[in-house]
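Q: Below is one structure. I have some questions about it.
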Amino acid sequence: MLEATPHAQTGKRGKRVEKLAAQRSGLLYYLVRDRYLYLFLVPAISYFFLFKFVTLYGELIAFKDFRLLQGVWGSQWVGFKHFHILLASPDFWQVLRNTLLLNLYSLIVAFPAPIVLAVLLNEVRLHWFKRSVQNMLYLPYFISWVVLGGIIVSLLSPSTGVVNSLLGLAGIEPIYFMTDTGWWPVVFSLSTVWQGAGWGTIIYMAAIAAIDPGLYEAAKMDGAGKLRQIWHITLPGIRGTIAILLVLQMGKMMDVGFEHVFNLQNPAVFSVADVISTYVYRTGLQNAQYSLATAVGLFQGVIGLILVLIVNKAVKKLGEGGLW
């Protein structure tokens, strides 16, 4: 038999290499290779599938005159009737205004807070002090709003609260923080910072850690001080992270958070503290108007999606990656 020429052998070997490379570039190859890592995603994927995608079936209630005994399919189809009722209700426009204003206050006050804290902590050189501050910042994030709300109410009590006791020592009359419509949004915004700033700091600290230390060394050689290093290196280095978190924050502009508001509000401040989440709770669970409550939730979700799309496009126009 004639032996294959060296050129033919090289060609066959090249084809085998190409075939092996094609197999390794397939999705199945990476799923098998990293199967144990993908197992960590199973709980998160299961959560979103069960509680975010499967539950979309229930949005049909917004377009029906839902009766519990008749079920979703058995209830009468009414189209956009409940949306018309919703948009014609003055109560809805008040809770919509309150929701947007409280989220705007939180965006102005709470969104920059973890950025500032992360930058400051990054400059701390005493490791024991840095760890202690980080632990104190992270702790409120893992405490329920039932507990945090009770702490805030106790601290701001006009008779026994620490804050009003200190104001009394300064000759200032007690301030009714929790029942004053002017002070309540301030308390809400500052409590948002207290509870969430620590978690945001973790994300920004991780982003800062990814910045090349050589950039700081070069800046020092050029005579740049700490403020210039922060302005020209640290902040530009985490700009992408800031942009992504801003897009995600805008998606929550229609959702203040039920537990937060519910544990701090009272009838005296309903005019500024009644938001969409508490309105849905009152309408759907207390008054059993399930279709109207579902219409509110669907409206909330659609507006949030539109805001995410708009802000994500604006971020990409500014040169950042965005969410997609």
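Just so it is clear, none of the values below were taken in a lab; they were calculated from the coordinates. Just so we're clear, the structure is a prediction, and the values are computed from it rather than from any experiment. Neighbour counts are summed over all protein chains in view; Cβ atoms, including those assigned to glycine, are modelled from backbone coordinates with ideal geometry.
Q: For a Förster distance of 51 Å, can you work out the FRET efficiency between the beta-carbons of residue 235 and residue 35, rounded to the nearest 0.05?
A: E between residue 235 and residue 35, to the nearest 0.05, is 0.80.
Q: Take peptides 174-186, 125-137, 287-299 and line them up by average Cβ neighbours within 10 Å, highest first, as a rough protection proxy.
A: Output ranking for 174-186, 125-137, 287-299: 287-299, 174-186, 125-137.
Q: Work out from phi, with θ = phi - 60° and the Karplus expression 6.51 cos²θ - 1.76 cosθ + 1.60, the ³J(HN,Hα) of each residue of the range 80-92, listed in order in whole Hz, and give x for Gly and Pro.
A: Going residue by residue, I get 9, 4, 6, 5, 5, 4, 5, 6, 8, 8, x, 5, 5 Hz, with x marking Gly and Pro.
Q: So if I take the centroid of the Cα atoms in the range 284-320 and the same for the range 179-194, what is the distance between those two points in Å?
A: If we compute the Cα centre of each part, the gap is 24 Å.
Q: 5 Å is the cut-off here: which amide hydrogens, built 1.01 Å from N in the peptide plane, fall below it relative to residue 75, excluding neighbours closer than 5 in sequence?
A: Residues meeting the amide H criterion: 67.
Q: Here is a further query. If you plug each phi of the range 28-40 into the Karplus form 6.51 cos²θ - 1.76 cosθ + 1.60 with θ = phi - 60°, what whole-Hz ³J(HN,Hα) values come out, in order, with x for Gly and Pro?
A: 4, 4, 5, 5, 6, 5, 10, 4, 6, 6, 5, 4, 5
Q: Could I ask something else about it? Please list the radius of gyration and Dmax for the chain, considering alpha-carbon atoms only, with Å as the unit.
A: Just the Cα atoms of the chain yield Rg and Dmax of 27.4, 110 Å.
Q: If you count, for each residue, the other Cβ atoms within 10 Å and average over each peptide, how do 214-222, 254-262 line up from highest to lowest?
A: 254-262, 214-222
Q: Ordered by residue, what ³J(HN,Hα) values in Hz, to whole numbers, does the range 99-107 give under the Karplus form 6.51 cos²θ - 1.76 cosθ + 1.60, where θ = phi - 60° and Gly and Pro are x?
A: 4, 5, 5, 5, 5, 5, 4, 5, 5
Q: Could you please rank 47, 204, placing first whichever residue has the fewest other Cβ atoms within 10 Å of its Cβ?
A: Final ranking by Cβ density, sparse to dense: 47, 204.
Q: Related question: Among 174, 271, 321, whose Cα lies farthest out toward the positive end of the dipole of the chain, if unit charges sit on the beta carbon of Lys, Arg (+1) and Asp, Glu (-1)?
A: Final value for the positive-end residue is 321.
Q: Over the chain, what is the relative contact order in whole percent, taking alpha-carbon pairs under 8 Å and six or more residues apart?
A: Numbers: 297 pairs, mean separation 75.8, N = 324.
Worked out over the chain, it gives 23 percent.
Q: Sum -39500 (n - 2.57) across every DSSP H segment of at least 4 residues in the chain, then divide by the residue count to get the 222 nm mean residue ellipticity, nearest 500. Before the final figure, lay out each step's value.
A: Values: 19 runs with 205 residues, N = 324.
The helix-only estimate for the chain comes to -19000 deg cm²/dmol at 222 nm.
Q: Where is the GNM fluctuation largest for the chain (alpha-carbon springs, 10 angstrom cutoff): 199, 231, 93?
A: Looking only at 199, 231, 93, the largest GNM fluctuation is found for 231.
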